[in-house]
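Computed from the coordinates by the stated procedures, all read-outs in this text should not be read as laboratory data. Here the structure is a predicted model, which is why all the values come from computation and not from measurement. For neighbour counting, all protein chains shown are included, and Cβ atoms are generated from backbone atoms with ideal geometry for every residue, glycine included.
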Amino acid sequence: MLSVNDIYTYYGAIAALQGVTFEVPRGSVVALVGANGAGKSTTLNTISGLVSPRKGTITFEGRDVTGWRADRVTALGLVQVPEGRQILAPLSVEENLLLGAYTRRDSEIEQDLENIYKLFPRLEERRNQIAGSLSGGEQQMLAIGRALMARPKLLMLDEPSLGLAPLIVQEVFRVIGELKEQGATILLVEQNARKALQVADYAYVLEGGRIVQQGLASELRSDPRIVEAYLGRRA
Amino acid sequence: MEQLPQQLINGIWQGAALALFAMGYTLVFGVLDIINLAHGATYMWGAFFAFVCITRLDWPLWAAIPAAMIGAGLLAVVLDRLAFKPLRTLTSGGLVLWVGFIVLLLGLIGAWSPGLKWTLTLSGAAIMLGGIVQDYAAIRPLRVRHVPHLAPMISSIGASIILISLAQGIFGAQVSRFPPDIFPSKPYTLPGNAVIAPIQLLVLGIALALMVVLHLLIARTQMGRAIRGIAWSERTARLLGINVDLVVAQTFFLSGALAGAAGVLLGLAFNRLDPFMGNEVELAGLTVIIVGGMGSIGGAAVAAFLVGMLRVLSVGYIDSSFRDAFVFALLILVLLVRPSGIFGRGSSVRA
C-alpha cells in the first residue's frame, strides 16, 4: 500500500535519512523502532510531505507522492498523528475533531464523531472544553481521534506513548490493538520497542538514518541483538 | 450635559464602523502575525469602489455596498499575493519578486525625471516577472529561512503608498462626494432630544449584522476553524489536510471585505471620500486592536466602541483637535498597564 524506496532526507548538510526502504502492506501494522535521533520522525515527516527527500521515491496506492505538499498527502488518506500530539490548544475538543475531517465532503461526519466518542468516552465528556486544558493522555486520544476523523487509509503514529504514564500507555496501545482488529493499516513509530513489537506484524529497526534490521515482530521480539539493544534484559 | 445622549449615539455608530475596520485588521494579525499597514488603503478603496458603482455605473446603494466589499476583499487577496506571500514562503524567486516590487515602488512614487521613472518602474516589473519565472522554472525552489520581521511591514507600507497614489491618479486628491439624494436625510428624533440620521442607522445596522456574520463564520464553520487552526500552528494544520495558502487567502478576503464595508459606510455617513481617508482610521484602528488585545476579534469589537466613544466625547466636550491625543493617551495607558490588551491572548475568540 505504501512503499518507501531508498529515500535520503537532509537537514541542511546533515543527512538524517540515508537510503531508507520499507513497505507497509494493506491491513498490517508495521513498526519502525530505533533510538532517539535514528530518523524515525524524519521518515514520517518525509512521507507526510513536511520535508522533501533529496533522493528516492514514496509511492502510496500506486501513486508517486514524493515531494507532495503535506495537505495533499493527507487528503489522499495518508494521515499522520504527529509526535507531541500537536493538538490545536485554543480550539475545543470537538472543533479539533471536526477539523480532522477537513478533507471530507460526505454526510457521515457527524456519525464518525459519535464513533470517536464511543472509542474515547473521555473526549465526549470534554467535548466543549478547550483542547489545551486536557491531560497529556487525553490529548493523545484527541490527536488519534482527530486523525481517524479523516477516515485514513493508512494511519501513521509518531511516538504515541512518549511522555505518558504507564497506565495511559496501556490505554493507547489498547486503542491501537482495537484499530488493528478493525483492519486498519498502521505505521507505528516508537521508542518503546517492547510495546511496539507486541502490537506490530512486521518491524524495521532504524539506526543512524538506515534500516539495519527487519523481520516479523514476533521474531524480532526474541532476537538477542534486539533484546540487548532495545528491550533490555527483562525480555 | 444635555447633549450627552447625542454624543453617545454618535459614539455607538462610529464605534460600530470602526469595529468592522479593526476586526479585519486584527484577523490578519491573529493568523499571520503581521500588521498589514495597507489595511487603511483597502478601506479607502472600498469607499471608492462604491463611489464608482454609484456615480459611474448608476448602481443602487444596496448593490454598491456588497460590490465594494467584494472588491476590497479581492484587493486584499491580491495584496497578500504580491506583498506578503513572497515573504512567507520566501524562495529565491520570491526574494527576487520582492526586490522587483521595491524597485517598481521607487519608480512609481519617487520624484524622478520621466526617463528614470520609467526605467525604474519597468525594470522593477521585469525583475518581478523574473522572480515568478524563476520559481516556476526551478524544480525545488530554495527556501530562505528567517525572514526579518520588518519585511512584511515595509511591504505593506509600500503597497499602501501605491494604492493611495493610484486613487490620487484616478480620483484626484480633492474630496469626492456621493450624490446627496442617495439616501433619505430626514433624521429621527430619539428620547433625550438626540437625533440619528437614517444613514447612521444604516451604518449601525450593517456593522452589527456583519459582526454577527463574522462571529458565526469564525466560530461555527470549517473555514473559521481552519483559520484559527492556522493561527495556532501552520504545520499541524497542514497535517490535517488544510491548504494553508487557500485559508490565508480567505482570511485576507474577509479582512479586506470588512475594511471595504467600513470604508463605504463611513464614507457615506460623512459623505466625503479622499485618497488619504485611510490614514486617520488606521491610527484609530491600530489603537483599537492593541487595546483589544492583538489577534482578539471580540476584543477589537469592544475596544472599537470604547475608542469610538472616546473620540466623539473628546470632540464634543473638549476640542476636536484633542481627539487623537485622547486616543493615544488610551493607547499609552494600555501599553503601560496591560500590554497584552484588555482581552489579550487569554480570550477564547482569538483567531
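With helices as the sole contributors, chain B gives -24500 deg cm²/dmol at 222 nm; each DSSP H run of n ≥ 4 counts as -39500 (n - 2.57), and the sum is divided by every residue.
Proximity of backbone amide H atoms, modeled 1.01 Å from N, is registered between A:ILE211 and A:THR21 at under 5 Å, excluding neighbours fewer than 5 places apart on the same chain.
For a footprinting-style exposure proxy, rank A:THR66, A:THR57 by other Cβ within 10 Å, fewest first. Mind dumping the intermediate values first?
Working: A:THR66 19, A:THR57 14.
Ranking A:THR66, A:THR57 by Cβ neighbours within 10 Å, fewest first, gives A:THR57, A:THR66.
Name the residue farthest towards the positive end of the dipole of the protein assembly as shown from the options B:ALA64, A:THR103, B:PHE322, assuming +1 on Cβ of Lys and Arg, -1 on Cβ of Asp and Glu, about the Cα centre. Farthest towards the positive pole: A:THR103.
Computed from backbone phi, the HN-Hα couplings of region B:291-300 come to 4, x, x, 3, x, 8, 5, x, x, 4 Hz, rounded to whole numbers (Karplus: 6.51 cos²θ - 1.76 cosθ + 1.60, θ = phi - 60°; Gly and Pro given as x). Out of all DSSP beta bridges in chain A, what portion is antiparallel? Express it as a percent rounded to 5. Roughly 55 percent of the DSSP beta bridges within chain A come out antiparallel. Neighbour counts of other Cβ atoms within 10 Å put A:VAL79, A:VAL205 in the fewest-to-most order A:VAL205, A:VAL79. What percent do you get for the relative contact order of chain B when only Cα pairs under 8 Å and 6+ apart count? Over chain B, the number comes to 35 percent. For chain B, the longest principal axis of the alpha carbon atoms and the long axis of helix B:61-79 meet at an angle near 30°. Relative to the longest principal axis of the Cα atoms of chain B, helix B:222-232 runs at roughly 70 degrees. Look at the alpha carbon pairs under 8 Å that are at least 6 residues apart: their mean separation over the length of region B:87-129 gives a relative contact order of 45 percent. Partner aspartates and glutamates whose Cα lies under 18 Å from the Cα of A:LYS55, excluding those fewer than 8 positions away in the same chain, are identified as A:ASP6, A:GLU23, A:ASP64. Please say if the protein assembly as shown is rounded, prolate or oblate, where rounded means a/c under 1.5 for a ≥ b ≥ c the square roots of the C-alpha gyration tensor eigenvalues, and otherwise the choice is prolate for a/b larger than b/c and oblate otherwise? It comes out prolate by the Cα gyration axes.
Could you list B:LEU74, A:LEU142, A:LEU167 so that the one with the fewest beta carbons within 10 Å of its beta carbon is first and the one with the most is last? Walk me through the intermediate numbers first.
Working: B:LEU74 17, A:LEU142 26, A:LEU167 8.
Result, fewest neighbours first: A:LEU167, B:LEU74, A:LEU142.
Counting Cβ atoms of other protein chains within 10 Å of each residue's Cβ and taking the mean over peptide A:130-139 gives 0.
Taking each residue in B:331-341, count the Cβ atoms of any other chain within 10 Å of its Cβ, then average. What number comes out? Mind showing how you got there, number by number?
On the way: counts 0, 0, 0, 0, 0, 0, 0, 0, 0, 0, 0.
The mean count of partner-chain Cβ atoms within 10 Å per residue comes to 0.
Of the residues A:GLN18, A:GLN182, A:GLN214, the one that moves most in a GNM of chain A with alpha-carbon contacts below 10 Å is A:GLN182.
Across chain A, C-alpha contacts under 8 Å between residues 6 or more apart give a mean separation that, scaled by the residue count, equals a relative contact order of 27 percent. What is the distance in Å between the Cα centres of region A:200-214 and region A:55-83? Rounded to whole Å, the Cα centres lie 20 Å apart. Note on A:82-89: average number of Cβ atoms from other chains within 10 Å of each residue's Cβ is 3. Axis angle, to the nearest 10 degrees, between helix B:244-270 and the longest C-alpha principal axis of chain B: 30 degrees.
For chain B, which longest stretch is free of loop sites, where a loop site is one of the trypsin sites (Lys or Arg not before Pro) that DSSP puts outside H, G, I, E and B and that has at most 10 other Cβ atoms within 10 Å? After excluding every exposed loop site, the longest remaining stretch is B:146-351.
Rank-order B:201-208, B:287-294 by packing density, defined as the average count of other C-beta atoms within 10 Å over each peptide's residues, highest first. Could the numbers behind the result be given before it?
Values: B:201-208: 19.1, B:287-294: 27.2.
In decreasing order of mean packing, B:201-208, B:287-294 become B:287-294, B:201-208.
Straight-line cross-link reach from A:LYS118 at under 28 Å between alpha-carbon atoms covers these lysines, not counting any fewer than eight positions away in the same chain: A:LYS153, A:LYS180, A:LYS195. Potential lengthening of the chain between B:LEU150 and B:TYR136 amounts to 2.4 nm, from the contour at 0.36 nm per residue minus the alpha-carbon distance. Ignoring the sites themselves, what is the longest stretch of chain A with no trypsin sites (Lys or Arg not before Pro) in a DSSP loop and at most 10 other beta-carbon atoms within 10 Å? For trypsin sites (Lys or Arg not before Pro) (loop position, at most 10 other Cβ atoms within 10 Å), the longest site-free span of chain A is A:106-232.
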